[in-house]
Amino acid sequence: MPDIRTTESGAAQIQILLATYNSSRFLREQLDSILAQDCRGFELLVRDGGSTDDTLEIIDEYQRKYPETIRFLEQKPASALENFSALLTASTAPLIMFSDHDDVWKQDKVRLSLGKYREMEAKYGSRMPILVFTDSEVVDDNQFPISRSMFRYQNINTHELTLNRLIVQNVPSGNTMLVNRALVELALPVPSAAVMHDHWLTLVAATTGKFGFLDIPTVSYRQHSDNVYGAFRYTLPAFLRKLKLGREKIRTRFQQNIDQAVEFGIRYAELLDKRDSEMLEALKTFQSRGFWGRRRILWKYGIRKSGIWRNIGMYLFQ
């Protein structure tokens, strides 16, 4: 079994960040899948967002069993964004991966992601911000397969990785990511206006770095009612179901993307090209504009999502 620790200091080359919250139902299965990776030498950092079930007892059990691999940081009431942001701030390794509490990792996830990163590092250098991501398979609560490919299931184009696309639809999922220290240092601190830590990292990578995609499922993504953001097929029936949420709820969710984009434009103003700078400046006044004014911004800057129904929904509801 290959050891991926750095040779100079013996420190972990990869830290896996696991945010938990009332995770006892699936946590053991996820921890077992991480510990069963076909390489060794990574460190698992765990932080809890205020669980009231048996999550802490499970973490303590595994930490006592694997003290050299698992490090528990703290328990503090936090949202998923706050929890992952705190973990990212506490991380020190050259390479970072993220783990949801209810997935199951394929045995070769770490090794394959690291291999893709090494390929990109050889081409661009370690100072280049790099984000590697993979596909995942969709399963139900009991690991029964729903789809072999998350991206095909959701009809998401993995090549649409420009800023004007990503501000309204994140493509890489955090639970499949590997990012390097150069990207982490540029992205921190993750602002409260971010939709989620992975979306923020993706925006930073789109502006300053490089993406690497492995068209291989390395994670079994468990689709259940407690997902923060679930996976679903965006077809006409899904479009009609979304209509039932009401326009205000849909616009509120979209406004989160706009708020994040505006914050991003302020933070990275000096790194943006002229067109992206103009786009993010225009988004500052998006909601104050009239019906046709909002749509002109979307059309002018090519702001769109994957799939016809998503774009119909965006132009109809915003």
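The values are calculated or read from the model by the stated rules, or taken from the named source; none is laboratory data. Since we're looking at a predicted model, the values are computed, not measured. Backbone-built Cβ (ideal geometry, glycine too); neighbour counts: all protein chains shown.
In the range 98-123, the residues that are over 16 Å from Leu17 (Cα atoms) reach residues that are part of a helix (DSSP H, G or I) and hydroxyl-bearing (Ser, Thr, Tyr) with C-beta atoms within less than 8 angstrom, at least six apart or across chains, in these pairs: Lys106/Ser33; Gln107/Ser33. Does Gly41 count as at positive phi, buried (at least 17 other Cβ atoms within 10 Å of the Cβ) and either of a type in the set (S, T, N, Q) or out of contact with any Ser or Thr (no Cβ under 7 Å at 6 or more places or on another chain) (or both)? It is true that Gly41 is at positive phi, buried (at least 17 other Cβ atoms within 10 Å of the Cβ) and either of a type in the set (S, T, N, Q) or out of contact with any Ser or Thr (no Cβ under 7 Å at 6 or more places or on another chain) (or both).
Restricting to the range 207-238, give me the number of residues that are farther than 18 Å from Leu316 by Cβ, at pLDDT below 65 and either among the polar types (S, T, N, Q) or part of a helix (DSSP H, G or I) (or both).
First, pick out the residues of the range 207-238 that are farther than 18 Å from Leu316 by Cβ: 207-233.
Narrowing further to those that are at pLDDT below 65: 224-233.
Retained after the next criterion (residues that are either among the polar types (S, T, N, Q) or part of a helix (DSSP H, G or I) (or both)): 225, 227.
Residues that pass the stated criteria total 2.
The single condition from (1) touching a strand residue (DSSP E or B) at 6+ places or on another chain (Cβ under 7 Å); (2) at pLDDT 95 or above that Gly41 fails is (2).
Criterion applied to Arg28, Arg5 was being basic (Lys, Arg) and closer than 22 Å to Leu88 by Cβ, and the one residue passing it is Arg5.
Kindly evaluate Thr20 against the criterion of being within 22 Å of Thr92 (Cα to Cα), in the same structural domain as Pro94 (by TED's automatic domain parsing) and among the polar types (S, T, N, Q). Answer is yes for this residue.
The single condition among (1) in contact (Cβ under 8 Å) with a residue 40 or more places away in the chain; (2) more than 23 Å from Pro2 (Cβ to Cβ); (3) surrounded by fewer than 21 Cβ atoms within 10 Å (Cβ to Cβ) that Ser79 does not meet is (1). Do you know which of the residues in the range 82-123 that are closer than 18 Å to Arg181 by Cβ and of a type in the set (Val, Ile, Thr) is surrounded by the most Cβ atoms within 10 Å (Cβ to Cβ)? Ranking the candidates gives Val110 first. Among the residues of the range 171-210, the ones that are within 13 Å of the chain's Cα centre (by Cα) and within 22 Å of His159 (Cβ to Cβ) come to 19 in all. Restricting the first member to the range 302-318 and to residues that are on the phi > 0 side of the Ramachandran plot, and the second to residues that are aliphatic (A, V, I, L, M) and part of a helix (DSSP H, G or I), the beta-carbon pairs closer than 9 Å and six or more apart or on different chains are Gly302/Met279. Candidates Gln63, Gln15, Gln30: the one that is farther than 18 Å from Asn175 by Cβ and not aromatic (Phe, Trp, Tyr) is Gln63. Does the range 128-137 contain at least one residue that is touching a Lys or Arg at 6+ places or on another chain (Cβ under 7 Å), outside the structural domain of Lys274 (by TED's automatic domain parsing) and either modelled with pLDDT under 95 or over 30 Å from Ser277 (Cα atoms) (or both)? Yes, because at least one residue in the range 128-137 is touching a Lys or Arg at 6+ places or on another chain (Cβ under 7 Å), outside the structural domain of Lys274 (by TED's automatic domain parsing) and either modelled with pLDDT under 95 or over 30 Å from Ser277 (Cα atoms) (or both).
Considering the range 87-134 alone, what residues qualify as being among the charged types (D, E, K, R) and within 16 Å of the chain's Cα centre (by Cα)? Reasoning before the result, please.
Keep residues of the range 87-134 that are among the charged types (D, E, K, R), which gives 100, 102-103, 106, 108-109, 111, 116, 118-119, 121, 123, 127.
Residues satisfying the conditions are Asp100, Asp102, Asp103, Lys109.
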